[in-house]
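Encoded as structure tokens, the structure appears first; notes follow it.
The values are calculated or read from the model by the stated rules, or taken from the named source; none is laboratory data. This one's a predicted model, so the numbers in the text were calculated from it and none came from an experiment. Note that we place each Cβ from the backbone using ideal geometry, even for glycine, and neighbour counts take in every protein chain shown.
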Amino acid sequence: MKRSKTIIARATGLLLCVLISGFTVLAQHTGQQGNTQKQGTQKQGKSKSTQQKSAHQNMKLTDPEIASVAVVANQIDIDHARLAQEKTQNTEVLNFAQTMITDHQAVIDQATALVKKLNVTPKENQLSRKLQTDSENSMKMLRAKSGSAFDQAYIDHEVTYHKAVISTVENTLIPNAKNAELKALLQNILPSLRAHLEHAQMLKTQYAKE
Amino acid sequence: MGRKLLTGMLLAVLCPFFYLQAFRGVSENARPKTHMVQIVRMQFIPAVLSVNKGDSVVFLNKDLVNHNATERTAGKWQSPTLRPGDSWRMVVTSSADYYCTFHPGMKGKLEVARATAKTRKKK
Ligand SMILES: [Cu+2]
């Protein structure tokens with residue numbers, strides 16, 4: 001009786017160990033993928049990008065600046081989706097791109113309506129400019145690819161990009177937003193960003209299987 | 001000992017509920033009901049809905065973006081594109097797994113209650 005208990009305890013311990021190490025490997029793996037993607041899209045050198053990263057975590061943004069970042073971030077995903085519509089032959093990638101265009105346009109429309117109502121003019125800033133520069137780089141990288149190489153690179157970009165945008169909305173835009181309606185809108189767009197990320201990850205797993 | 005007592009008590013509490021439920025089944029069969037599935041924050045709520053055959057389900061989009069509801073296995077039925085604020089009514093004839101074709105992670109289920117008063121008695 002006592003012995004069987006210890007065996008059960010040991011087995012549980014072992015199982016937990018395996019599970020935990022499995023998760024750690026998985027987490028490291030996804031982290032690495034994100035890093036390689038970033039290195040691919042911005043070749044400006046490591047020190048600069050780490051500086052920028054730490055800079056925008058405690059970045060102070062006004063509501064007009066947040067509005068600008070929100071519109072730019074959504075527009076960038078629409079631009080990438082339009083490029084995908086031109087280049088891909090894959091129905092699932094095509095459907096994904098169409099959803100990106102419709103959803104991100106809906107968010108831009110909501111943001112624009114709110115900005116009008118609040119009588120605020122979106123103001124360009126360091127973060128919105130950085131998003132633009134990164135976007136130009138990734139668009140250039142994608143334009144150079146075709147066929148299934150394009151599809152994979154596009155879906156990889158969408159996974160990385162949505163992760164980055166979710167983190168920006170959660171850690172920078174929402175904490176900085178002063179107007180309650182703007183804050184609420186930012187909170188309301190998080191579920192769709194997460195659904196897009198999940199959708200992109202699903203397509204990515206399909207590629208891995210093929 | 002304690003476990004037996006607990007099960008007994010649980011059964012005692014639930015029995016009248018099942019009994020009533022059986023009669024409800026009968027009356028509901030006679031008069032179809034209308035149920036609501038709301039689409040909020042990229043989810044069908046409730047995700048699982050039990051209905052009787054012939055009941056109606058209204059899908060209401062209370063989200064920021066467009067959605068639809070599409071039967072999963074054979075595409076037996078599909079709502080039109082539901083823009084924010086749109087709704088769509090459907091009469092349920094059989095159980096179904098459904099999803100949103102725009103957002104494949106959004107899933108829901110309609111369960112047509114099979115147990116009528118008669119089959120319940122057999123149990
Ligand atoms: Cu949807």
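Being touching a residue at least 60 places away in the same chain (Cβ under 8 Å) and of a type in the set (Gly, Ala, Ser) is true for just one of A:Ala144, A:Ala149, A:Ala177, A:Ala184. Which residue is that?
On the way: A:Ala144 fails: touching a residue at least 60 places away in the same chain (Cβ under 8 Å); A:Ala149 fails: touching a residue at least 60 places away in the same chain (Cβ under 8 Å); A:Ala184 fails: touching a residue at least 60 places away in the same chain (Cβ under 8 Å).
Selected residue: A:Ala177, the only one of A:Ala144, A:Ala149, A:Ala177, A:Ala184 that is touching a residue at least 60 places away in the same chain (Cβ under 8 Å) and of a type in the set (Gly, Ala, Ser).
Quick one: would you say A:Thr102 is of a type in the set (S, T, N, Q), under 15 Å from A:Leu182 (Cβ atoms) and at pLDDT 95 or above? In short, no.
Residue by residue, here is whether (1) within 14 Å of chain B (Cβ to nearest Cβ); (2) within 16 Å of the ligand (Cβ to nearest atom); (3) among the aromatic types (Phe, Trp, Tyr) holds:
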position: A:Asn74; (1), (2), (3): yes, no, no
position: A:Ile78; (1), (2), (3): yes, no, no
position: A:Ala84; (1), (2), (3): no, no, no
position: A:Glu92; (1), (2), (3): yes, yes, no
position: A:Thr112; (1), (2), (3): yes, no, no
position: A:Gln132; (1), (2), (3): no, no, no
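Within the set A:Lys130, A:Lys140, A:Lys123, the sole residue that is more than 25 Å from A:Glu198 (Cβ to Cβ), assigned by TED's automatic domain parsing to the domain that holds A:Ser192 and loosely packed, with under 14 Cβ neighbours inside 10 Å turns out to be A:Lys140.
From A:Leu182, A:Leu197, A:Leu173, A:Leu193, grab the single residue that is within 17 Å of A:Glu65 (Cβ to Cβ), under 15 Å from the mean Cα position of the chain (by Cα), of a type in the set (A, V, I, L, M, F, W, C) and assigned to a helix (DSSP H, G or I).
Testing whether each residue is within 17 Å of A:Glu65 (Cβ to Cβ), under 15 Å from the mean Cα position of the chain (by Cα), of a type in the set (A, V, I, L, M, F, W, C) and assigned to a helix (DSSP H, G or I) leaves just A:Leu173.
Can you tell me how many residues in the range B:79-107 are within 14 Å of another protein chain (Cβ to nearest Cβ) and within 13 Å of the ligand (Cβ to nearest atom)?
Of the range B:79-107, the ones within 14 Å of another protein chain (Cβ to nearest Cβ) are B:81-86, B:99-107.
Those still in the list that are within 13 Å of the ligand (Cβ to nearest atom) too: B:81-84, B:86, B:99-107.
Matching residues across the range B:79-107 total 14.
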